[in-house]
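The values are calculated or read from the model by the stated rules, or taken from the named source; none is laboratory data. Predicted, not measured: the structure shown is a model, and the values here were computed from it. Glycine gets a Cβ as well: all are built from the backbone with ideal geometry, and neighbour counts include every protein chain shown.
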Amino acid sequence: MTAPAIPKGPVETAPVRLHRAMGFRDLLLFYLVTGFTVRWIGAAASAGPSAIVIWLGAALLFYVPLMLTVLELSSRYPNEGGCYVWSKRAFGDFAGFMTGWNYWVCNLPYFPGLFYFTAASALFLGGASWQGLTDSPAYYVTFSLVALAVVVTLNVRGLGVGKWLHNIGAVGVWVPALLLMALAVLSYARFGSPTPFTAESLVPSTRLKDIIFWSTIAFSLSGLESASMMGDEIRNPRRNIPRALVIGGVLITLFYILSTVAMLVALPRAQILSLQGFMLSVQQTSDRVGVVGVTAVAALLITLGGVGQAGAWFAAGGRLPFVAGIDRFLPAAFARVHPRYGSPHVSLLVQAGVAAVFIFLGQAGTTVKGAYDVLVSMSIIGYFIPYLFMFASMIKLQGEPAGPEVIRVPGGRPVATLLAGIGFCVTAATICLALIPADDEPNKVLAVTKVAGLTGVLLLGGAAVYVTGTRRRA
């Protein structure tokens, strides 16, 4: 399926002027920076050794169906827009638009949440003297706005420049995990593990307050479809996307499990926090084994990694309004590309402006941790609504003929339908869990109202934009 033709005018060359800037190496690093982050390791490790079983279950019931779904759909339709194109192909214009709309708007609260985590990690660069800013909303808001400015500037310059931010980000999220693993091995050899690993401790709790974080686990394993948003900017996408998906998928799952074990070896479960848990693990373990300077290095890398991750997701999300502009659901300006850099700059700049608004909305009326939890919940719900469409599209599109270039799920249509059905059910359950506020949230009613209310506003806004766009097309 090719990008739809549009009438002659100032945007007529947009679909063909995008630069094919990403090769296999860039694509693999893109998957690594969007698919793995130390941000979620603290939340997983806070569940204790049972997190290992939960990781394995999530990999089997969610990650594998997602990977195979993206493999087949991206080889069937390797064009700019990814899940937007797939849903539109399966269920028509409205489904396609709402898929793209929700995927785009979920990034708006995602960026502030990621920046908050990155800001918390950056405080370890200054040692104890900077920790006084841990509960300062002004610091987190300021850091988020500056980081957002860096991300949008580099992405407007095009993927030829922006991809280096993504590549640096991959190093920034993987090397700290390796550092923690090395420190954990040293600590275990000298002092043993403060967390007992027994058969009983590996059994996940089924109490509601303990399974709420399962939605975060599923969310952390998502993102494999991200590069497909930029299909027209990838060199040889039918060959490179599947290779990068498989290699990246194995590495991401393995590193999540090993990093969680390392944190449990480094810290007792009761001392693990979700926002600063990873850096506290590095700091306390390095102090225990007498390794100097590791904490500052890890903090610097995580800061670079967080900005790099934001850059990667900013690039992926910014292509959706661009494609919607080509389809004329959004004003024609969204379909324009920069005359010098070849990037969808209008779409990127609008996305940056709305993300800045969410930085302030998420913080309003709550603590720093409360704002972080609300932003994470909104990101999960908004992000997983397109997954419902994507898994449903996988089932629907099994009826279309597949050429020799299509990578089919092993077992063909029956297995593909079963796996997509499992992925759909897990996604629906994850959305429900994300609506439940954290047990330590002081104002649960406000938290639920924020999450549900703002999500509803965004959904209704998408429907209104679609109706307006349909009239514009007519």
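Are any residues in the stretch 399-411 surrounded by fewer than 15 Cβ atoms within 10 Å (Cβ to Cβ) and more than 29 Å from the chain's Cα centre (by Cα), and if so, which ones?
Listed by number, the residues that qualify are Gly399, Glu400, Pro401, Gly403, Pro404, Gly411.
Within the stretch 412-446, restricting attention to residues that are among the polar types (S, T, N, Q) and farther than 22 Å from Arg89 by Cα, which residue is surrounded by the most Cβ atoms within 10 Å (Cβ to Cβ)?
Out of the qualifying residues, it is Thr430.
Could you pull out the residue among Gly370, Gly353 that is modelled with pLDDT under 85 and surrounded by fewer than 23 Cβ atoms within 10 Å (Cβ to Cβ)?
Gly370
Might you let me know whether the stretch 134-147 holds any residue that is part of a helix (DSSP H, G or I) and closer than 26 Å to Ala270 by Cα?
Yes, because at least one residue in the stretch 134-147 is part of a helix (DSSP H, G or I) and closer than 26 Å to Ala270 by Cα.
What number of residues within the stretch 304-346 are surrounded by fewer than 22 Cβ atoms within 10 Å (Cβ to Cβ) and in contact with a Leu (Cβ under 7 Å, 6 or more places away or on another chain)?
Residues in the stretch 304-346 being surrounded by fewer than 22 Cβ atoms within 10 Å (Cβ to Cβ) and in contact with a Leu (Cβ under 7 Å, 6 or more places away or on another chain): 1 in total.
I'd like to check which helices (runs of 4 or more DSSP H) are fully inside the stretch 1-94 and have at least 2 residues that are crowded, with 18+ Cβ neighbours inside 10 Å and at pLDDT 80 or above.
24-35, 41-45, 50-58, 64-76, 83-91
Considering every residue within the stretch 291-299, establish whether at least one is more than 13 Å from Ala177 (Cα to Cα) and either crowded, with 21+ Cβ neighbours inside 10 Å or modelled with pLDDT under 75 (or both).
no
Need the failing condition index for Gly362 against (1) more than 16 Å from the chain's Cα centre (by Cα); (2) in a helix (DSSP H, G or I); (3) at pLDDT 80 or above; (4) of a type outside the set (Val, Ile, Thr), just the number.
Failing condition for Gly362: (3).
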